[in-house]
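Read through the structure below, which is laid out as structure tokens, and then see the notes.
Computed from the coordinates by the stated procedures, all read-outs in this text should not be read as laboratory data. For clarity, every value in this text was computed on a predicted model and none was experimentally measured. Every residue, glycine among them, receives a Cβ derived from its backbone with ideal geometry; neighbour counts consider all protein chains shown.
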Amino acid sequence: MDEQPINNNQGDNSLAQHLDSNFADLHPPLNQQQASQQASRCLFCYDAPCVIACPTAIDIPKFIRQIATDNQAGAARTILSENIMGGTCARACPTEILCEQKCVLVKGEDEPIDVSSLQRYAVDPVIIAEQDHPFKRAANTGKKIAIIGAGPAGLACAHALAVFGHDVQIFEAKAKPGGLNEYGLAAYKMVDDFAAKEVKFILGVGGISIEYNQVFGRDVFLDDLKEKFDAVFVGIGLDKANSLGITGENLNGVQDALQFIANLRQAKDKSTLNVGQQVIVIGGGNTAIDAAIQAKRLGAACVTLVYRRGSAQMGATAWEQDLAKTNGVVVRDWAKPLEIKGDSQVQSMSFEQTKLSNGKLLGTGKTFTLPADQVLIAIGQNLDNQILETMDMANGKITVGDDGQTNVSGVFAGGDCIASGEDLTVQAVQDGKIAAAGIHDYLGGANG
Ligand code: SF4
């Protein structure tokens with residue numbers, strides 16, 4: 001699958017306005033009265049289950065109490081001390097399977113506290129309005145740390161290291177920082193260039209510099225970094241898209257779904273983007289859902305999401321699946337891709353229905369074909385093992401200890417390239433935090 005531009009329309013003002021409204025903020029921010037009302041519902045639980053469900057262990061009852069007592073800046077500090085990307089997580093975290101699912105109010109068959117909206121209410125003034133930066137650096141330690149990748153894990157690690165007083169140099173493969181926050185999340189979750197604003201805020205603490213267009217294994221090499229820096233953090237994500245391995249994958253119109261989303265996120269004018277009329281999305285995770293909804297909102301007549309197992313096995317939450325359906329996406333589960341057909345341009349795609357037999361996924365022999373002029377593939381990414389040949393790996397990902405250190409002394413790792421759990425921004429931030437503490441200890445801790 002080549003990277004394919006989806007840009008071949010002439011820009012059009014009325015279409016641009018229509019598309020702007022299609023990609024407006026999915027959850028508009030709370031005003032002060034709404035935030036106070038929501039905060040007043042919280043029971044401020046002891047040993048709160050919402051905190052245990054948060055991968056970054058934000059003290060949720062504490063920050064909600066701070067909002068309830070009109071201490072918005074204090075609430076922001078409580079959140080950002082644990083999760084420096086609390087702004088993105090307030091927009092993109094699947095809270096319906098994390099803090100909000102565990103809220104005790106649900107047991108009483110009430111609506112959970114809207115933790116994500118309260119979190120956004122607290123942190124947005126600090127990040128968007130650039131109010132006083134809540135963090136100060138410790139005295140400079142003279143130590144230098146290299147970070148590969150300016151995604152959520154790398155930036156969270158960099159920020160914590162900078163606060164410890166270390167200097168950080170980040171090497172980023174792309175032209176902009178933010179990783180999937182900048183390139184991979186749905187546009188209606190990250191309006192008004194929020195990912196860039198958040199990175200600016202993170203860098204505002206000082207002591208962090210970024211070099212762009214530095215590809216690991218091409219421009220940046222682990223052995224060099226180990227020599228020149230006191231420690232290294234690898235946060236390169238998973239950058240190789242998985243392919244289906246079927247006939248027709250190289251036809252025009254077949255595209256990696258993440259590249260489709262990246263093109264959309266980077267387009268200044270969405271009316272210049274072209275989208276198919278009959279779009280098929282393959283996959284069952286959040287990227288598949290984000291791609292399907294955005295194709296529909298760009299104007300596709302029919303978007304069908306096809307997944308080889310059932311809806312219960314999808315990586316996307318039930319809430320995300322419902323969002324897709326309410327946006328007009330047709331979901332067809334229990335079907336596996338057989339072939340993509342066309343001359344040079346994709347014209348249709350055939351599938352075989354599947355079933356489970358003794359826990360194994362089998363084809364039933366029943367097939368069907370869907371017309372298609374665009375196929376978006378969202379079946380995950382993998383890591384280029386060759387550039388990490390000195391590192392221990394498991395299931396295609398880097399293995400790390402409890403402190404985030406790899407088997408190579410002084411080299412730490414985090415984010416999607418390690419096997420830490422969910423491939424979520426919030427988990428990557430936690431990985432970066434853990435590794436920063438590990439690096440600080442490795443360099444001598446408070447005496448470093
Ligand atoms: Fe508040 Fe719900 Fe958390 Fe209890 S579980 S502290 S009610 S958000």
Under 5 Å between amide H atoms, partner at least 5 residues away or on a different chain: which partners does residue 349 have, H built in plane at 1.01 Å? 341, 370, 372
Give the list, by residue number, of cysteines in the chain with no other Cys Cβ closer than 4.7 Å, or say none. 42, 45, 54, 103, 157, 302, 417
Burial ranking of peptide ranges 266-275, 303-312, 285-294, 352-361 (average Cβ count within 10 Å, highest at the top): 285-294, 303-312, 266-275, 352-361
Residue among 407, 152, 328 farthest towards the positive dipole end of the chain, charges placed on Cβ: 328
For residue 220, distant residues with modelled amide H under 5 Å away: 215
What residue among 126, 175, 207 has its Cα farthest toward the positive end of the dipole of the range 108-227, where the charges are +1 on Lys, Arg and -1 on Asp, Glu, each on the Cβ? 207
So what's the Cα pair-distance distribution over the range 32-128, bin width 10 Å, in %? 18, 57, 24, 1
Under a Cβ-Cβ cut-off of 12 Å, what is the net charge of the residues other than residue 21 that fall near it, where Lys and Arg count +1 and Asp and Glu count -1? 0
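Counting only C-alpha contacts under 8 Å and six or more residues apart, can you give the relative contact order of the chain as a whole percent? Provide the component values of the computation, followed by the final result.
Numbers: 939 pairs, mean separation 80.5, N = 448.
18 percent.
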Quick check: convex hull of the Cα atoms in the range 392-447, volume per residue, rounded to a whole Å³? 61 Å³
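Distances longer than 36 Å among the Cα atoms of the chain: what percent of all pairs is that? Before the final figure, lay out each step's value.
Details: 30942 of 100128 pairs.
Result: 31 percent of Cα pairs exceed 36 Å.
Which entries of 143/176; 102/268; 174/226; 176/433 show an alpha-carbon separation above 29 angstrom in the structure shown? All intermediate terms of the calculation are to be shown ahead of the outcome.
Numbers: 143/176 26 Å; 102/268 39 Å; 174/226 22 Å; 176/433 22 Å.
Pairs exceeding the cut-off: 102/268.
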Given contacts defined as C-alpha pairs under 8 Å and at least six residues apart, what's the relative contact order of the range 241-377, whole-number percent? 30 percent
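Under a Cβ-only charge scheme (Lys and Arg +1, Asp and Glu -1), can you give me the dipole magnitude of the chain about the Cα centre, in debye to the nearest 20?
Dipole of the chain, to the nearest 20 debye: 540 debye.
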So what J values fall out for the range 145-155 if you push phi through Karplus, 6.51 cos²θ - 1.76 cosθ + 1.60 with θ = phi - 60°, rounded to Hz, Gly and Pro as x? 10, 9, 10, 9, x, 9, x, x, 5, x, 5
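Applying a 10 Å radius around every beta-carbon, put 339-346, 95-102 in order of their mean neighbour count, most first.
Numbers: 339-346: 16.0, 95-102: 20.2.
Highest mean packing first, the order is 95-102, 339-346.
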Taking the highest mean first, how do the peptides 120-130, 82-92 order by number of other beta carbon atoms within 10 angstrom per residue? 82-92, 120-130
With r defined as the distance between the Cβ atoms of residue 319 and residue 366 and R0 fixed at 25 Å, what FRET efficiency is calculated, to the nearest 0.05? 0.20
Kirkwood Rh, Cα Rg: Rg to Rh for the range 241-377? 0.96
With x for Gly and Pro, the residue-by-residue ³J(HN,Hα) of the range 63-76, computed from phi through the Karplus equation 6.51 cos²θ - 1.76 cosθ + 1.60 at θ = phi - 60° and given in whole Hz, is 6, 5, 5, 4, 5, 4, 9, 6, 10, 5, 5, x, 4, 4
Taking alpha-carbon centroids only, the range 206-272 lies from the range 371-444 a number of Å equal to 14 Å
Using just the helices of the chain, give the 222 nm mean residue ellipticity in deg cm²/dmol: DSSP H runs with n ≥ 4 each add -39,500 (n - 2.57), and the total is spread over all residues, rounded to 500. -10000 deg cm²/dmol
Once every Cα of the range 127-280 carries one equal point scatterer and solvent is ignored, give the base-10 log of I(q)/I(0) from the Debye formula at q = 0.12 Å⁻¹, two decimals. -0.62
Given the candidates 85, 104, 37, the one whose Cα lies deepest towards the positive end of the charge dipole of the range 32-128, counting +1 at each Lys or Arg C-beta and -1 at each Asp or Glu C-beta, is 85
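Using +1 on the beta carbon of Lys and Arg, -1 on that of Asp and Glu, and nothing else charged, what's the dipole of the range 241-377 about the Cα centre, debye to 20? Intermediate values should be presented prior to the final figure.
Values: 14 positive and 11 negative charges, 62 e Å.
Result for the range 241-377 is approximately 300 debye, rounded to the nearest 20.
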Taking a label point 7 Å from the Cα of residue 219 along Cα-to-Cβ, the residues of the range 122-162 whose backbone nitrogen sits under 15 Å from it are 147-151
